[in-house]
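Q: I have a structure here, written as structure tokens, and I will follow up with some questions on it.
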Amino acid sequence: MRSRKTTEIRREEILRAALFIVEQQGLDNLNTNAIAAVIQLVPSAIYRHFKNKEEIIAALIDFIGERLQQNLQQATTQEGTAMERLKCLFELHVKLLQEEPAIPRILYFLISSERNQELKQKMLAEINAYVYETKKLLLQGKKAGEINQAVDVTAAAMMFLGMIQPLVILSQENKAVLDEYPQKLWKCYQRTIDF
């Protein structure tokens, strides 16, 4: 007889399976049958933990937000200059995308889709929170005299997030891009905000 898993463990399994499916097939192909097949459950068992596909996607957005916040926490509490903390955040962001390649697919799908405005707004709120926290790091750097005073921190925060997109897009065809280019991109970015 199989032992029953806790709700927390089962929800995690469902989300991991959902991430796998999104990575392999895209968000449009995410459904309870596919999730159940990955974790070897009957589809009805998924409904004990999530009401529907939208609730699973909302949980995936929460997962993304939590990972971004963990990265921010780790980067902002480390010792060093604001520039060093920004570099740490950038490296953590690249690492997150290497570990969780489904995240950009979820992001791009929700941002470009008009199907579910509530999920779209939830995803945008996570992105805005990340940009806001990045902006705070840039402001700290300006106040400490580590970042050029002429730098527009809002534009620099958007640029920070924006330099990740080409890595993600190009890595769909060539995985080596995520290994080869992050440090080159960082150096370019650093030159734009440094003295």
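The values are calculated or read from the model by the stated rules, or taken from the named source; none is laboratory data. Just so you know, these numbers come straight off a predicted model, no measurement behind them. When we count neighbours, we look across all protein chains shown, and the Cβ atoms used for this are built from the backbone with ideal geometry, even at glycine. Note: accessible area is taken over every heavy atom of the protein model, side chains too, but ligands, DNA and RNA are not part of it. Shrake-Rupley method; radii C 1.70, N 1.55, O 1.52, S 1.80 Å.
Q: Length gain on complete extension for the stretch Ala144 to Asn52, per 0.36 nm per residue less the alpha carbon to alpha carbon distance?
A: Values: separation 92, 0.36 × 92 = 33.12 nm, distance 4.86 nm.
The span from Ala144 to Asn52 would gain 28.3 nm if fully extended.
Q: If you don't mind, there's one more thing I want to ask. Given points 7 Å out from each Cα along the Cα-Cβ axis, report the Glu12 to Gln73 separation in nanometres with one decimal.
A: 1.5 nm
Q: Also: Which whole number in µm²/s is D for the chain by Stokes-Einstein, with the Kirkwood Rh taken over Cα pairs at 20 °C and 1.002 mPa s?
A: Numbers: Rh = 18.2 Å.
Diffusion coefficient, whole number: 118 µm²/s.
Q: Still on this structure, please answer the following. Within the chain, what whole-number % of the accessible surface is contributed by carbon and sulfur, with the 1.4 Å probe and all protein chains included in the calculation?
A: Working: 5660 of 11010 Å².
In the chain, the share of accessible area belonging to carbon and sulfur is 51 percent.
Q: At 7 Å along Cα-to-Cβ for each site, give me the label-to-label distance between Glu99 and Asn116 in nm.
A: 2.5 nm
Q: Can you list the GluC sites (Glu not before Pro) in the stretch 104-189 that are in a DSSP coil and have 10 or fewer other beta carbons within 10 angstrom?
A: Values: sites: Glu114, Glu118, Glu126, Glu133, Glu146, Glu173, Glu180; in loops: Glu114, Glu146, Glu173.
The qualifying sites are Glu114, Glu173.
Q: Additional query: Over the stretch 56-162, what is the relative contact order in whole percent, taking alpha-carbon pairs under 8 Å and six or more residues apart? Kindly include the intermediate steps, with their values, before the conclusion.
A: Values: 74 pairs, mean separation 32.3, N = 107.
Worked out over the stretch 56-162, it gives 30 percent.
Q: Could you work out the local net charge near Leu68, counting Lys and Arg as +1, Asp and Glu as -1, over the other residues with Cβ closer than 10 Å to its Cβ?
A: Values: positive: Arg67; negative: Glu66, Glu126, Glu133.
Charge balance in the 10 Å sphere: -2.
Q: Only helical DSSP H runs with n ≥ 4 go in: add -39500 (n - 2.57) per run for the chain, normalise by residue count and round the 222 nm mean residue ellipticity to 500 deg cm²/dmol. Mind showing how you got there, number by number?
A: Working: 11 runs with 145 residues, N = 195.
Calculated from helices alone, the mean residue ellipticity at 222 nm is -23500 deg cm²/dmol.
Q: Above 21 angstrom, tally the Cα pairs of the stretch 50-146 and express them as a % of all pairs, no decimals. Kindly include the intermediate steps, with their values, before the conclusion.
A: On the way: 1810 of 4656 pairs.
When every Cα pair of the stretch 50-146 is considered, 39 percent fall beyond 21 Å.
Q: Relative to the present Cα-Cα distance, how much length would full extension add between Ala125 and Lys184 at 0.36 nm per residue of separation? Present the calculation step by step, with values, prior to reporting the outcome.
A: Numbers: separation 59, 0.36 × 59 = 21.24 nm, distance 2.92 nm.
Residue separation times 0.36 nm, minus the Cα-Cα distance, leaves 18.3 nm.
Q: Tell me the per residue accessible area of the stretch 19-89 using a 1.4 Å probe; a whole number in Å² is fine. Walk me through the numbers before you get to the answer.
A: Working: 3530 Å² over 71 residues.
On a per-residue basis, 50 Å².
Q: Also, I was wondering about something else. Under 1.5 on a/c is rounded, so check that first for the stretch 98-195, then, if it is not, pick prolate when a/b is larger than b/c and oblate when it is not; a ≥ b ≥ c are the square roots of the alpha carbon gyration tensor eigenvalues.
A: Details: a/c = 3.00, a/b = 1.33, b/c = 2.26.
It comes out oblate by the Cα gyration axes.
Q: Oh, and also: What is the distance in Å between the Cα centres of the stretch 10-88 and the stretch 113-137?
A: 15 Å
Q: Based on the Cα gyration tensor of the stretch 139-195, what are the three equivalent ellipsoid semi-axes, each the root of five times an eigenvalue, rounded to whole Å and given largest first?
A: Whole-Å semi-axes of the equivalent ellipsoid: 27, 11, 7.
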